[in-house]
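**Q** Here's a structure for you.
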Amino acid sequence: MIVTNSGCVGDVLLGDCVEIMKMFGDESIDLTVTSPPYDNLRTYNGFIFDFEKVARELYRITKTGGVVVWNVADATIDGNETGSSFKQALFFKEIGFRLHDTMIWVKPNPVPTQHTRYQNAFEYMFVFSKGSPKSTNLLREPSKNAGQIKKKHRSTGGRHDNNAEGFYITKDTKIKNNYWSIPVGDSGSRKHPAAYPETLARDHILSWSNVGDLIFDPFTGSGTTGKMALIENRNFIGCEISTDYLKIAESRIHKALSC
């Protein structure tokens, strides 16, 4: 167990995430940020990923107003994309989650491949919510048109033919788009084959949770979600079935918090 200077607590439990989640109380998790094994990675160090059982347990333990960020991509097998990401998204909806946002992680430096299709340079980040999200701290970025005067063409009174004339000054910042360009390699770990970026985990944690909330990752891997949750003054609980990866996660988190 890890206790930060701010009093936040973090822990990574060794074992199958489905069995560990069964020990959690109903509606106990504020936010899940995870990147599960998928397609040809489903056999994870010899372990099998049972998606439907994981999804059902996630629904049970997620608080009303809580969010699950599911970062996933599709493999191409025998020239055919699996479509597993869409199947999983539809199953999450089937069991009660809302598909709050379909986001894209754009990789400006993807691993080069030689195929008969265009370079694969993105993954999906599905944002599921149990009811309406209780926390939407949407991140902002500089506006390219900051300070420019624009003419209004916005409907008033619910009628499209009744526009209010006038002008407005473009604000300095705007809400970020739902596609995030984050380089591959921004993971802080080279000892895990599929570590996702720290920036990705941090920005989702900031977007969908508040200080003191409990963040969960059922596939902790190298510990990226846990590390960023504790740095951002959230509590964290994670599961990891591989002893080797558990050691990596604990080491990264301890090292980050000791700096």
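No lab work stands behind these numbers, since they all come straight from the coordinates. Every value quoted in this text rests on a predicted model; they were computed, and no experiment measured them. Cβ coordinates were reconstructed from backbone atoms using ideal geometry, including for glycine residues, and neighbour counts include every protein chain displayed.
**Q** Would you order Tyr179, Tyr124 from fewest to most other beta-carbon atoms within 10 Å of each residue's own beta-carbon?
**A** Result, fewest neighbours first: Tyr179, Tyr124.
**Q** A follow-up question, please. Take Lys93 and Glu27, extend 7 Å from each Cα along the Cα→Cβ direction, and tell me the distance between the two endpoints in nm.
**A** 2.5
**Q** Within 10 Å of each residue's Cβ, count the other Cβ atoms and sort Leu200, Leu31 from fewest upward.
**A** In order of increasing Cβ crowding within 10 Å: Leu200, Leu31.
**Q** While we're on this one: If you stretched the chain out fully between Asp244 and Ser132, how much longer would it get, using 0.36 nm times the residue separation minus the C-alpha to C-alpha distance?
**A** Details: separation 112, 0.36 × 112 = 40.32 nm, distance 3.77 nm.
This chain segment gains 36.5 nm when fully extended.
**Q** Expected output is a single nm value to one decimal: the length gained when fully extending between Ile175 and Val106, i.e. 0.36 nm times separation in residues minus the C-alpha distance. What is it?
**A** 23.1 nm
**Q** Let me ask something additional. What residues qualify as long-range amide H neighbours of Ser28, i.e. H under 5 Å apart, gap of 5 or more or another chain, H built at 1.01 Å from N?
**A** Amide H neighbours of Ser28, under 5 Å, 5+ apart: Thr62, Lys63.
**Q** In the structure shown, do any of Lys130/Lys227; Lys107/Lys130; Lys171/Lys227; Lys22/Lys255; Lys53/Lys227 have a Cα-Cα gap over 32 Å, and if so which?
**A** As for pairs spanning more than 32 Å Cα to Cα, those are Lys171/Lys227.
**Q** Among Thr113, Thr199, which comes first, second and so on when ranked by fewest other beta-carbon atoms within 10 Å?
**A** Thr113, Thr199
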